[in-house]
1. Starting from region 201-226, keep only residues that are at negative phi and among the charged types (D, E, K, R), then list their pairs with residues that are open to solvent by less than 10 Å² (accessible area, probe 1.4 Å) and in a loop (DSSP other than H, G, I, E, B) whose Cβ atoms are within a distance under 8 Å, requiring at least 6 positions of separation or different chains.
2. Counting only residues that are open to solvent by 60 Å² or more (accessible area, probe 1.4 Å) and either among the acidic types (Asp, Glu) or closer than 25 Å to residue 286 by Cα (or both), how many does region 185-204 have?
3. What about residue 115, is it in contact with a strand residue (DSSP E or B) (Cβ under 7 Å, 6 or more places away or on another chain), farther than 29 Å from residue 330 by Cβ and either buried (at least 20 other Cβ atoms within 10 Å of the Cβ) or not assigned by the TED database to the domain that holds residue 290 (or both)?
4. Does residue 247 qualify as being touching a Gly at 6+ places or on another chain (Cβ under 6 Å) and part of a helix (DSSP H, G or I)?
5. Considering only residues that are more than 22 Å from residue 310 (Cβ to Cβ), open to solvent by 10 Å² or more (accessible area, probe 1.4 Å) and out of contact with any Leu (no Cβ under 9 Å at 6 or more places or on another chain), which ones fall in region 79-103?
6. Which is touching a His at 6+ places or on another chain (Cβ under 8 Å), closer than 19 Å to residue 43 by Cβ, hydroxyl-bearing (Ser, Thr, Tyr) and not assigned by the TED database to the domain that holds residue 157, of 249, 270, 245, 232?
7. Six or more apart or on different chains, Cβ under 8 Å: which pairs go from a residue in region 164-193 that's at positive phi to one that's open to solvent by 50 Å² or more (accessible area, probe 1.4 Å)? Could you list them?
8. Restrict the check to region 52-75 and report whether at least one residue is at pLDDT below 95, touching a Phe, Trp or Tyr at 6+ places or on another chain (Cβ under 9 Å), open to solvent by less than 20 Å² (accessible area, probe 1.4 Å) and under 20 Å from residue 235 (Cα atoms).
Amino acid sequence: MNKRNRVLAWTLAFSTLGGVNLSAFAEGNISIAQQFGIGYLILDVVRDQHLIEIEGKKEGLDIKVEWRTISGATGMNEALLSGALDVASAGVPPLLTLWDRTKGQQNVKAIASLGSMPNYLLSNNPAVKSIKDLTEKDRIAVPAAGVGFQSRTLQIETAKLYGDKDFKRFDNISVSLPHPDASAALIAGGSEITTHFSSPPFQYQALEHSNVHKVLSSYDVLGGQATFNVLYTTQKFHDENPKTYKAFYRALSEATNIINRDKNAAAETYIRVEKSRLPLPLVQKIVNDPEISFTISPERTGVYAEKLHELGVLKNKANSWKDYFFNEAWENPGS
């Protein structure tokens, strides 16, 4: 072999070896963000039991997991698209918005559901018995005004009552506020916040106070039990990290099994991981509520896909839930 061929051979060998190493280094890292509430219990169990790391070892990986907390879908989606985050979590509507806007580009899709649970629209204004009673004097607290799960759910209900052209009727009295702050303001009273589209555990905590009452449930709007939060990521992360992705998905599945085997123990996990000051009996009551289902299978997400397309929020029409979920989720039933 002459000198030139030896150089080419060494270059090829080095490049091949380097490619293997680079691929190995690309795998084994995942950054995940969640928001506040029991809607993220599956992630709390994954974190507490180190399930991603355990599943990673089965794939021959020592996975490094970064956990972050971000309030509101807007900040969540910005972090995902900027590359500052690998996995985002939010309600079904924010996922669908991102799926719609990134189709043919980053191709954001859902990984799994984080369970089905109702969100209650609460008020401390005795005059507000239904959304028809809301006036310019009321302020509705939501995590992400106009675009989050709660706002989109309210918009769908508003369209039913006032017509599609007026679906944003209550956007001008909606304000963005994290659930903990909104719940505290609603309970205390005396502030501009008279209404809060809440979520577990905050809605249960608020309803223990006599000045707070329920106006509407998201299940009323969606026609029954439905997915609240989902996890989602980009096509790039999904495709370039197959072992990490597989370990993460398996971890989510195992977490649901752990929760459903012993919901009271799962309640303890929530308090421990979230450093919650809520009484254990209250949290146990919530996780055992028959309205709540801890599952990674999506339920009634198609209602949002259909209605938001009809309202013009989504340009692309989904033929089924599989259009906006990665194929790993297809092994389970969904809607």
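1. That search, which allows pairs on different chains as well, returns nothing.
2. Let us first name the residues in region 185-204 that are open to solvent by 60 Å² or more (accessible area, probe 1.4 Å), namely 188, 190, 192.
When the remaining residues are screened for being either among the acidic types (Asp, Glu) or closer than 25 Å to residue 286 by Cα (or both), the result is 188, 192.
The total comes to 2.
3. Working: in contact with a strand residue (DSSP E or B) (Cβ under 7 Å, 6 or more places away or on another chain): yes; farther than 29 Å from residue 330 by Cβ: no; either buried (at least 20 other Cβ atoms within 10 Å of the Cβ) or not assigned by the TED database to the domain that holds residue 290 (or both): yes.
So residue 115 does not fit the description; no.
4. On the way: touching a Gly at 6+ places or on another chain (Cβ under 6 Å): yes; part of a helix (DSSP H, G or I): yes.
It is true that residue 247 is touching a Gly at 6+ places or on another chain (Cβ under 6 Å) and part of a helix (DSSP H, G or I).
5. 82, 83, 84
6. Working: 249 fails: touching a His at 6+ places or on another chain (Cβ under 8 Å); 270 fails: touching a His at 6+ places or on another chain (Cβ under 8 Å); 232 fails: touching a His at 6+ places or on another chain (Cβ under 8 Å).
It is 245.
7. Matching pairs, first to second residue: 189/211.
8. Looking through region 52-75, at least one residue is at pLDDT below 95, touching a Phe, Trp or Tyr at 6+ places or on another chain (Cβ under 9 Å), open to solvent by less than 20 Å² (accessible area, probe 1.4 Å) and under 20 Å from residue 235 (Cα atoms).
The values are calculated or read from the model by the stated rules, or taken from the named source; none is laboratory data. Just so it is clear, the model here is predicted, and its values are computed rather than measured. Heads up, the Cβs are rebuilt from the backbone with ideal geometry, glycines too, and the neighbour counts pull from every protein chain shown. What goes into the accessible areas is simple: the full protein's heavy atoms, side chains included, and nothing from ligands, DNA or RNA. Shrake-Rupley method; radii C 1.70, N 1.55, O 1.52, S 1.80 Å.
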